[in-house]
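Heads up: the structure comes next, in structure tokens.
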Amino acid sequence: MDIKARIEKSVRESVSEELGSSIHPEKLETVIGRITERLATLITPDELVLLKIKQHRDLRKEMAVVSVIGEDSVGIVADVTRILAENRANIEGMNQAIVSGYFALILTIDISGMKVSIDELQKLMDQVADRKHLKIYIQHENIFTSMNRI
Amino acid sequence: MNFDVFEILETIKMSALENLDVRTVTLGINLFDCVTGSIETTALKIREKMLSRGSGLVETADRVAGRYGVKIVNKRVSLTPLSLVFGRACSVEEYVSAARILDDAAKELGIDFIGGYSALVHKGITAAESAFIESIPEVLASTSRLCSSVNVATTKSGINMDAVLRMGHIVKRTAELTADRQAIGCAKLVVFANIPEDNPFMAGSLHGPGEGDCALNVGVSGPGVVHRAVESLPHNADLGLVADTVKKTAFKITRMGELVGREVAKELGVSFGTLDLSLAPTPAIGDSVADILEAMGLEACGTHGTTAALALLNDAVKKGGAFASSFVGGLSGAFIPVSEDATMELRAAEGRLTFDKLEAMTAVCSVGLDMIAIPGSTTADTIAAIIADEISIGVINSKTTAVRLLPVPGAVPGDEISLGGLLGRARIIPVHTESASLFVQRGGMIPAPIQSLKN
């Protein structure tokens with residue numbers, strides 16, 4: 001089945017489910033036809049493949065939060081991100097602030113492709129933390145989800 | 001994932017500064033398949049099952065704790081009440097040597113306590129149970145990890161006063177046998193009404209006869225977190241808002257515990273039992289239930305208003321917990337173990353928190369008269385009368401109540417004992433000295449209350 005036929009099949013299922021017998025069958029066919037045309041010309045086959053890859057990657061993503069708190073000094077971000085890069089933890093979000101003289105850095109990282117476990121990463125971070133008088137916490141995202149989302 | 005910085009910092013603050021932790025993961029193990037004709041063979045089979053089912057407990061708990069950056073303080077094992085498993089009556093020596101086998105197995109597993117040296121005698125005591133109960137003082141004196149509990153009443157059955165009187169003597173004897181260690185044996189012995197079958201907290205933890213083969217029950221704590229939340233409210237915040245704040249905090253704590261508990265259970269390959277959300281204090285500063293009551297506006301825990309404040313706290317904790325988890329069980333509420341709560345111990349030592357006030361508080365908290373050091377001169381009959389009072393509160397109110405007293409030999413009011421670790425320290429507080437002997441020695445059953453006729 002080619003892409004256009006697949007789009008049409010999918011559109012037909014969704015539209016029929018939503019509108020069903022409330023719309024005249026001829027009108028239904030026109031609506032399905034027009035939406036299919038639009039979608040088929042809007043996205044190229046290559047883009048569809050990319051979309052598919054992205055969806056797949058989003059699904060298997062596993063995230064953690066790295067929180068760095070303590071005395072401000074030169075090179076904190078460099079040290080922390082170097083360890084993350086070396087262990088293939090991808091940084092997805094970064095938030096940094098100086099709160100009443102204290103340095104606070106919160107990184108959201110994708111750990112699905114990471115070379116080490118959270119425990120091992122924590123040990124590596126503890127070395128930086130000791131050297132720079134910081135506290136570094138690494139926590140799996142589930143703890144924030146469970147405590148803050150219903 | 002989309003969390004704001006406040007949410008992330010709040011979680012870190014709770015675990016790093018406010019003593020939020022998973023207090024215990026307790027693996028319940030059913031022992032009915034270990035029953036044999038000989039107590040020694042049975043004990044060896046129990047040991048084998050404990051070692052096979054519990055071998056990964058400590059390591060798995062530590063690994064999961066690391067993943068979430070939350071402490072799991074205790075890893076423990078609870079067993080089917082051993083009076084049911086050991087069957088026929090044995091000699092005290094036989095019980096002691098079987099208990100030692102289990103105590104050593106706990107040591108091998110790397111856990112600090114196992115629960116289940118227990119008997120359920122709320123309706124009557126068999127000859128075997130009688131021999132078993134008789135062995136409790138020697139067993140507790142010659143082991144260090146094994147904990148004992150005896151259920152003497154339920155709302156459905158009434159109060160077995162013969163068992164109550166018997167336990168008065170057992171508590172006294174346990175204190176005498178461990179007199180050289182500040183009566184520490186008594187810290188491992190609890191007398192219950194309406195004992196829960198899935199409570200993860202020691203010393204009263206057991207794996208009830210209605211439970212499956214194995215289940216992981218989780219106890220979550222966090223008095224420090226609740227204290228900070230209440231303390232940060234303005235003085236003009238009304239009590240509805242105080243309750244709401246406690247409830248929301250309890251919700252977060254429970255969700256964290258359930259997440260961690262389920263993960264440990266999954267990795268161990270056992271079913272998740274229940275989540276017990278109990279504000280269990282520790283002697284650490286800032287981890288006190290009394291602090292929460294005082295933050296609500298009491299000058300000292302123990303003054304008038306304390307019972308109402310505790311009732312509010314206990315109920316709000318349950319409501320937050322019940323919303324957060326579908327499997328809330330065990331004791332769930334607020335604990336008031338005097339020696340284990342730094343502020344409560346201080347108020348008791350100052351004479352501002354009295355024995356009678358503690359008893360009143362137990363009507364609205366989740367357990368009972370817990371970890372209270374009383375004078376060594378207290379008679380077995382008086383201890384039985386204290387047990388009867390406390391147990392009747394549980395029976396009439398259809399709730400669990402329990403008694404864990406330390407009648408420290410030779411100690412008089414004002415003396416201080418130190419039990420070490422999570423058990424803390426305590427000042428001896430006075431109890432009434434007028435005799436209740438005639439009452440408790442009448443024996444028999446106090447009939448089940450009218451509340452039991454629900455069918």
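Throughout, read-outs are computed from the coordinates displayed, never taken from laboratory work. Nothing here was measured: the structure is a model prediction, and the numbers come from that model. No Cβ is skipped: glycine too gets one built from the backbone with ideal geometry, and neighbour counts run over all protein chains shown.
Here's how it looks for B:Asn74: its modeled amide H is under 5 Å from those of B:Thr24, B:Val25, which are all 5 or more places away or on a different chain.
Which order results if B:Cys147, B:Cys34 are arranged by neighbouring Cβ count within 10 Å, fewest first? Before the final figure, lay out the partial values.
On the way: B:Cys147 24, B:Cys34 21.
Ranked by crowding around the Cβ, least crowded first: B:Cys34, B:Cys147.
With the charge dipole of the range B:277-369 set up from +1 on Lys and Arg Cβ and -1 on Asp and Glu Cβ about the Cα centre, the Cα lying farthest toward the positive end among the listed residues B:Gly297, B:Gly321, B:Ala348 is that of B:Gly321. Evaluated with a Cβ-only charge set (Lys, Arg +1; Asp, Glu -1), the range B:196-283 carries a dipole of roughly 360 debye about its Cα centre, given to the nearest 20.
Sorting B:Leu17, B:Leu310 by the number of Cβ atoms found within 10 Å of their own Cβ, with the fewest placed first, yields B:Leu17, B:Leu310.
Order of B:Arg53, B:Arg425 from fewest to most other C-beta atoms within 10 Å? Don't jump to the answer; show the numbers that get you there.
On the way: B:Arg53 20, B:Arg425 17.
Least to most surrounded, the residues fall as B:Arg425, B:Arg53.
Cross-link partners of B:Lys172 among lysines, defined as those whose alpha carbon lies under 25 angstrom from its own and excluding same-chain residues fewer than eight positions apart: B:Lys123, B:Lys188, B:Lys357.
Projecting the Cα atoms of B:Gly219, B:Thr80, B:Leu310 onto the charge dipole of chain B, computed from C-beta unit charges around the Cα centre, puts B:Thr80 farthest toward the positive end.
Does chain B come out rounded, prolate or oblate, given a ≥ b ≥ c as the square roots of the eigenvalues of its C-alpha gyration tensor, rounded meaning a/c under 1.5 and, failing that, prolate meaning a/b above b/c? Judged from the Cα gyration tensor, chain B comes out oblate (a/c at least 1.5, b/c at or above a/b). Between the amide H of B:Leu79 and those of B:Ile29, B:Gly115, B:Gly116, B:His207, distances stay under 5 Å, these residues lying 5 or more places away or on another chain, with hydrogens modeled in the peptide plane.
Placing unit charges on C-beta atoms (Lys and Arg positive, Asp and Glu negative, everything else neutral), compute the dipole magnitude of the range B:273-382 about its Cα centre in debye, rounded to 20. Each step should come with its number before you reach the end.
Values: 5 positive and 14 negative charges, 61 e Å.
Here the range B:273-382 has a charge dipole of around 300 debye.
Applying the Karplus relation 6.51 cos²θ - 1.76 cosθ + 1.60 with θ = phi - 60° to the range B:226-239 yields 3J(HN,Hα) values of 5, 4, 4, 5, 5, 4, 7, 6, x, 4, 8, 5, 7, 5 Hz, where x marks Gly and Pro. Determine the dipole magnitude for chain B: charges of +1 sit on the beta-carbon of Lys and Arg, -1 on that of Asp and Glu, nothing else is charged, the reference point is the Cα centre, and the result goes in debye to the nearest 20. Computed charge dipole of chain B: roughly 680 debye. Residue-wise HN-Hα couplings along the range B:330-342, as the Karplus relation 6.51 cos²θ - 1.76 cosθ + 1.60 with θ = phi - 60° gives them from phi, are x, 9, 5, x, 10, 9, 10, x, 4, 5, 8, 10, 4 Hz; Gly and Pro carry x. Coupling constants for the range B:7-16 follow from the phi torsions by the Karplus curve (6.51 cos²θ - 1.76 cosθ + 1.60, θ = phi - 60°), and in residue order they are 5, 5, 5, 4, 4, 5, 4, 4, 7, 7 Hz; glycine and proline get x. The mean number of partner chain beta-carbon atoms within 10 angstrom of a residue's beta-carbon across peptide B:57-67 is 2.
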